[in-house]
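Worksheet: the structure to be examined is printed underneath.
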Amino acid sequence: MPQRFIDFHHHARPAAFFEALAEAGRTTMGGRPFPKGWTMAEALSFMDRMEIATAVVSAPDADLLYRDQRIAVRLARLLNELFSECIRSHPTRFGAFASLPMPHVPDTLHEIGYALDRLGLDGVMLSTSYDGQYLGSSAFDPVLNALNERGALAFVHPVTPMGLNLLALDFPASLLEYTFDTTRCIANLLRHSIPTRYPNIRFVFAHVGGAMPYLLNRMSLMEYFVTPGHVLSVDADRDAIKRGLRHFYYDIALSASDPVFDLLRQVVGLDRIVFGSDYPQVPDSYVGATIRALTGSRVLDEQAKIQIAQTNGYKLLSRLCHS
C-alpha cells in the first residue's frame with residue numbers, strides 16, 4: 001500500500017502558547033514544567049520520516065487551561081491564527097482543528113465563526129468534558145447547533161476527569177483515564193440523541209473511542225436502565241447503539257493492533273476509522289509501531305489499509321482534494 005498517511009491526532013502547542021500562559025502566571029502543565037514548544041520545521045521533519053502526507057494540528061488543553069475566560073479567549077485566538085499560518089504556508093501538509101474557549105459558550109460561538117468562516121480552518125477541537133460537564137449536556141447545545149449548521153468536523157480529545165485525585169492509583173491520567181473519559185463522553189452523546197439531533201457534525205474521537213466499541217453489548221442496556229418503562233429488546237437495543245456508534249469516526253492513535261481492527265470492523269465499520277499518531281506525546285518508535293501494525297495487519301486487506309491511512313481522511317478533509 002502507498003504509505004502516505006493523513007494524521008488526525010497531531011498536538012501543536014507552539015512556544016507562543018506557553019509564553020502567553022507564563023504571562024498570565026501559569027508555569028506548569030499537569031504539575032510539570034512546560035515542554036518544548038512545537039515548531040513547524042520539527043513537525044515536517046517528523047512527518048517526512050513517518051511518511052505522513054498531512055497532519056491536522058490541535059491543542060487539547062482546554063480542561064486545564066481555559067477555565068479563566070480571559071486566558072481562554074486569548075489563547076484560542078493565538079492558536080487559531082498560528083494554525084492558519086501553517087495552512088497558508090503548507091496547504092497540503094497541514095490542516096487544523098480550531099481551539100475554542102470552552103466552556104465559555106458565548107465566546108466559543110464567536111470563535112467558531114472566526115475560525116471556520118473567516119480563517120477557513122478545517123474543523124474544531126472539543127474536549128470530552130469540562131469540569132465534569134460532558135458533551136451532550138444541554139449547556140453546550142448552542143455550540144453543537146452552530147457546528148451542525150456548518151456541517152463541521154469536530155475532533156474530540158479526552159481530558160483528566162474530575163475526582164481522579166481521590167483514587168489511590170499511581171498512573172498518569174493519559175495512561176488509563178483518557179480512554180474512560182472518552183467512553184463516558186460517547187455514552188452521554190448517545191444518551192442525549194446527539195447523532196440524530198445534530199446529524200451534520202462529523203465527530204472524530206481519539207484513541208478508537210476509548211472502551212466504547214468493546215462495550216457495545218453492555219451499552220445495549222442503556223435505555224433499560226435509564227428510561228422508566230423501557231422494555232428490553234436485546235437485538236433492537238444493540239442495533240440502536242451500533243447505529244449511534246457508526247455515526248462517529250475514530251482515530252487509531254495508541255490503539256493499533258489486529259484484535260482492535262477486527263473489533264472496529266464489526267462494531268463501527270472500517271469506513272469510520274482514520275489514522276492518528278499522537279505526536280509528540282509519544283516517541284517516534286511508537287508512531288512507527290502504529291504504522292507497522294496498520295500496514296502489516298493480517299486482518300485487513302490492502303483496500304482497508306489504504307482506507308484507514310488515506311481515503312477516509314480525504315473524505316473528511318475535502319479541502320485537500322482541491323489543493
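Derivation of every value follows stated rules applied to the coordinates shown; laboratory data play no part. It should be emphasised that the depicted structure is a prediction, and the values quoted were computed from it without experimental measurement. Glycine also receives a Cβ, built like all others from the backbone with ideal geometry; neighbour counts cover every protein chain displayed.
Taking θ as phi - 60°, what are the ³J(HN,Hα) couplings along region 132-142 by the Karplus curve (6.51, -1.76, 1.60), each to the nearest whole Hz, with x for Gly and Pro?
My calculation for region 132-142 gives x, 8, 8, 3, x, 4, 4, 4, 9, 4, x Hz in order.
Report the full-extension gain for the segment residue 180 to residue 118: residue separation times 0.36 nm, less the Cα-Cα distance, to one decimal in nm. Walk me through the numbers on the way to the answer.
Details: separation 62, 0.36 × 62 = 22.32 nm, distance 3.52 nm.
Here the answer is 18.8 nm.
Share of antiparallel DSSP beta bridges in the chain, in percent to the nearest 5?
Details: 4 of 30 bridges.
Approximately 15 percent, going by the DSSP bridge assignments.
Positive end of the charge dipole of region 5-321 (Lys, Arg +1 and Asp, Glu -1 on Cβ, about the Cα centre): tell me which of 44, 33, 270 has its Cα farthest that way.
Among 44, 33, 270, the one farthest towards the positive end of the dipole of region 5-321 is 270.
Top mean-square fluctuation among 24, 12, 152, Gaussian network model of the chain, C-alpha springs under 10 Å?
24
What are the residues whose amide H is under 5 Å from the amide H of residue 5, where those residues sit 5 or more places off or on another chain and H is modelled from the backbone?
52, 53, 54
Just want the answer: with Cβ charges of +1 for Lys and Arg and -1 for Asp and Glu, which residue in 69, 24, 137 is farthest toward the dipole's positive end in the chain?
Checked the options; the winner is 137.
Which residue, 165, 188, 148, has the most motion in a Gaussian network model of the chain that connects Cα atoms within less than 10 Å?
Of 165, 188, 148, the Gaussian network model singles out 165 as fluctuating most.
Using only helices, what value at 222 nm comes out for the chain when you add -39,500 (n - 2.57) per DSSP H run of length 4 or more and divide by the total residues, to the nearest 500 deg cm²/dmol?
It lands at -12000 deg cm²/dmol.
Residue by residue through region 84-94, which ³J(HN,Hα) values in whole Hz follow from phi under the Karplus form 6.51 cos²θ - 1.76 cosθ + 1.60 (θ = phi - 60°), with glycine and proline marked x?
Running phi through 6.51 cos²θ - 1.76 cosθ + 1.60 with θ = phi - 60° gives 4, 5, 4, 5, 4, 7, 9, x, 9, 8, 10 Hz.
Treating the beta-carbon of each Lys and Arg as +1 and of each Asp and Glu as -1, no other charges, what is the dipole magnitude of the chain about its Cα centre, to the nearest 20 debye? Spell out each step's value before the answer.
Working: 30 positive and 33 negative charges, 72 e Å.
The dipole magnitude comes to about 340 debye.
Could you give me the ³J(HN,Hα) list for region 70-81, computed from phi with Karplus coefficients 6.51, -1.76, 1.60 and θ = phi - 60°, whole Hz, x at Gly and Pro?
Result, ordered by residue: 4, 5, 4, 5, 5, 6, 4, 5, 4, 5, 5, 5 Hz.
How large is the dipole of region 263-323 about the Cα centre if only Lys and Arg carry +1 and Asp and Glu carry -1, each at its Cβ, rounded to the nearest 20 debye?
On the way: 7 positive and 5 negative charges, 28 e Å.
Roughly 140 debye for region 263-323.
Subtract the Cα-Cα distance of residue 230 and residue 48 from 0.36 nm times their separation in residues, and report this length gain in nm to one decimal. Write out the running numbers ahead of the final one.
Details: separation 182, 0.36 × 182 = 65.52 nm, distance 5.35 nm.
Using 0.36 nm per residue and subtracting the Cα-Cα distance, I get 60.2 nm.
Give me the distance in nm between label points sitting 7 Å out from Cα along the Cα-to-Cβ direction at residue 211 and residue 257, one decimal.
Those two pseudo-labels are separated by 1.6 nm.
I'd like to know which of 196, 217, 241 lies farthest towards the positive end of the charge dipole of region 180-263, counting +1 on Cβ of Lys and Arg and -1 on Cβ of Asp and Glu.
Towards the positive end, the residue furthest out is 196.
Find the percent of Cα-Cα distances in the chain that exceed 36 Å, and round it to a whole number. Provide the component values of the computation, followed by the final result.
Numbers: 7375 of 52003 pairs.
Above the 36 Å cut-off, the chain has 14 percent of its Cα pairs.
If you put +1 on each Lys and Arg Cβ and -1 on each Asp and Glu Cβ, how big is the dipole of region 181-323 around its Cα centre, in Debye rounded to 20?
Values: 16 positive and 13 negative charges, 71 e Å.
Value, rounded to 20: 340 debye.
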